[in-house]
Amino acid sequence: MPTTIDRIVAPIRPSAASSGRLAYRQSRAFATVKATSEGKSSADEAVEKIQELYETARDEFELASEETEENTIYAADDRAAAKAELEKLKEALADVVEEGSDYPAHVREEVSKRVAHRVRELDHAFKALEEKAMHQD
């Protein structure tokens, strides 16, 4: 059974069928609705912003996971960088979905439905990584 860390990392591991090229699986969690002729909706724009932050946080998490697994001297710094990116991501999500934000209720609900669970998964995986690091010391 895959661990929380494996479920987070799996979407960014190279595909076996990539024939030497790095082909990454697209995360279904961030699939966006096609823009209408009028342009993107507020929800789409908010999701794109959060998706960019998620990808950065996920990349930092992946690096921190590898360094922690190998117990390198860079592991602590990489975990700190991953935590900083995760905090930026959580703050950006909260700015959109929390009551009192500048977004209407339907946008807050849509963004929450489309991305909040992935952010929670990454947060839980990071906590598991920190726990693992504490037991390595």
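Rule-based calculations on the coordinates, nothing more; no lab input. Everything quoted here is computed from the prediction, not taken from an experiment. Cβ sites come from the backbone with ideal geometry, for glycine too, and all protein chains shown count toward neighbours.
Give a residue-ordered list of calculated ³J(HN,Hα) values for region 71-79 (Karplus: 6.51 cos²θ - 1.76 cosθ + 1.60, θ = phi - 60°; whole Hz; x for Gly, Pro).
For region 71-79, the Karplus-derived couplings read 6, 7, 5, 8, 4, 5, 5, 5, 5 Hz, x marking Gly and Pro.
For region 83-88, what does the Karplus curve 6.51 cos²θ - 1.76 cosθ + 1.60, with θ = phi - 60°, yield as ³J(HN,Hα) per residue in whole Hz, taken in order and with x for Gly and Pro?
Computed from phi, the couplings for region 83-88 are 5, 4, 5, 5, 5, 4 Hz.
Subtract the Cα-Cα distance of Ser101 and Ala128 from 0.36 nm times their separation in residues, and report this length gain in nm to one decimal.
6.7 nm
Using a 10 Å cut-off around each Cβ, can you sort His135, His106 from fewest to most neighbouring Cβ atoms?
In increasing order of surrounding Cβ atoms, one gets His135, His106.
Just the Cα atoms of region 80-137, one point each, no solvent: what log10 I(q)/I(0) does Debye give at q = 0.14, 0.26, 0.29 Å⁻¹?
The calculated log intensity ratios at q = 0.14, 0.26, 0.29 Å⁻¹ are -0.46, -1.02, -1.13.
What's the local net charge at Tyr74, with K and R +1, D and E -1, over the other residues with C-beta under 10 Å away?
-4
What are the ³J(HN,Hα) couplings of region 99-111, residue after residue, when phi is run through the Karplus curve with 6.51, -1.76, 1.60 and θ = phi - 60°? Round to Hz, x for glycine and proline.
Values per residue, Gly and Pro as x: 3, x, 6, 6, 8, x, 4, 5, 6, 4, 5, 5, 5 Hz.
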